[in-house]
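Visitor: Once you've had a glance at the structure underneath, I'll fire off some questions.
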2 protein chains.
Amino acid sequence: MTFPRKVKFDEHGLIPAIIQDASSGEVLMLAYMNKEALQRTLKTRKTHFYSRSRRKLWLKGESSGHIQSVRSIFYDCDWDTLLLKVSQKGGACHEGYRSCFFRRAKGTKVQIVGRKVFDPRKVYGT
Amino acid sequence: MTFPRKVKFDEHGLIPAIIQDASSGEVLMLAYMNKEALQRTLKTRKTHFYSRSRRKLWLKGESSGHIQSVRSIFYDCDWDTLLLKVSQKGGACHEGYRSCFFRRAKGTKVQIVGRKVFDPRKVYGT
């Protein structure tokens, strides 16, 4: 299974993918896919991304076990952003939170509003 | 009012901002902010973006009237993505849909799942 030709990748060959919890509607994270990551995601129904810092394809949850099972995929009006609704095992954030968006703006400061669902030291062994 | 210094803008001076309906949880769009757009958004509580194609700052809704009133702002773990929960007037999408994510993937094809809430020809006069 592949994807419509209209899907646009940027000058680095990437497209941003918004990941949303399919049941709660909570936005969990934003990550980037290259063509191969999108193809593997469509084929396996598990999210795969391209890490810009590590310069490699990765299966979300490959080290933590916190897999994202894809329920549905949406393309936006400009074909340059993806929205994936998923079932998230554990937490999406490498810092132990359910969602990466655990910092709410309070003026120039932030308030931690997310809840930790795992201990990153135990999961990643760092 | 400004924002935490840790907020990271990319090599083009931009940060992606996910826009979510504060009441329904529906993801409406993804757009990009530069520093000035973020500052104006924080100050006015109306979303402002930087258009990469038009190379200018814009107030969302400036021509359509479909303003987004900001209810809350979140920074992600890496400080390189924003999530804004908003009250959306009319529709977020310039094609007349409530959300830009109105195309659901069906193999290599798509199914239109969004509902049109306005007629773009009438609103934009094109």
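The values are calculated or read from the model by the stated rules, or taken from the named source; none is laboratory data. Quantities reported herein were computed from a predicted structural model and do not represent experimental measurements. Here the Cβ is made from the backbone with ideal geometry for all residues, glycine too, and neighbour counts use every protein chain on show. Ligands, DNA and RNA are excluded from the accessible area calculation, which covers all protein heavy atoms including side chains. Shrake-Rupley method; radii C 1.70, N 1.55, O 1.52, S 1.80 Å.
Visitor: Being open to solvent by 10 Å² or more (accessible area, probe 1.4 Å) and of a type in the set (Phe, Trp, Tyr) is the filter here, so list the residues in the stretch A:65-108 that pass it.
Guide: A:74, A:79, A:97, A:101
Visitor: Also, I was wondering about something else. Just to confirm my filter: which strands (runs of 3 or more DSSP E) fall fully inside the stretch A:10-126 and include at least 3 residues that are touching a His at 6+ places or on another chain (Cβ under 7 Å) and of a type in the set (Val, Ile, Thr)? So that I can check it myself, show each step before the final result.
Guide: Details: elements: A:15-21, A:27-33, A:48-51, A:56-59, A:68-75, A:82-88, A:103-106, A:109-112.
So the answer is none; nothing clears 3.
Visitor: Kindly provide the set of residues from the stretch B:35-53 that are within 11 Å of chain A (Cβ to nearest Cβ) and either buried (at least 18 other Cβ atoms within 10 Å of the Cβ) or in contact with a Cys (Cβ under 8 Å, 6 or more places away or on another chain) (or both), ordered by number.
Guide: B:38, B:41 - these are the residues of the stretch B:35-53 that are within 11 Å of chain A (Cβ to nearest Cβ) and either buried (at least 18 other Cβ atoms within 10 Å of the Cβ) or in contact with a Cys (Cβ under 8 Å, 6 or more places away or on another chain) (or both).
Visitor: Then there's this: For residues that are more than 8 Å from chain A (Cβ to nearest Cβ) and touching a residue at least 12 places away in the same chain (Cβ under 8 Å), tally how many sit in the stretch B:1-34.
Guide: 19
Visitor: For residue A:9, are the conditions met, namely being of a type in the set (A, V, I, L, M, F, W, C), more than 16 Å from the chain's Cα centre (by Cα) and either open to solvent by less than 60 Å² (accessible area, probe 1.4 Å) or at negative phi (or both)? Can you show your working first?
Guide: Numbers: of a type in the set (A, V, I, L, M, F, W, C): yes; more than 16 Å from the chain's Cα centre (by Cα): yes; either open to solvent by less than 60 Å² (accessible area, probe 1.4 Å) or at negative phi (or both): yes.
Answer is yes for this residue.
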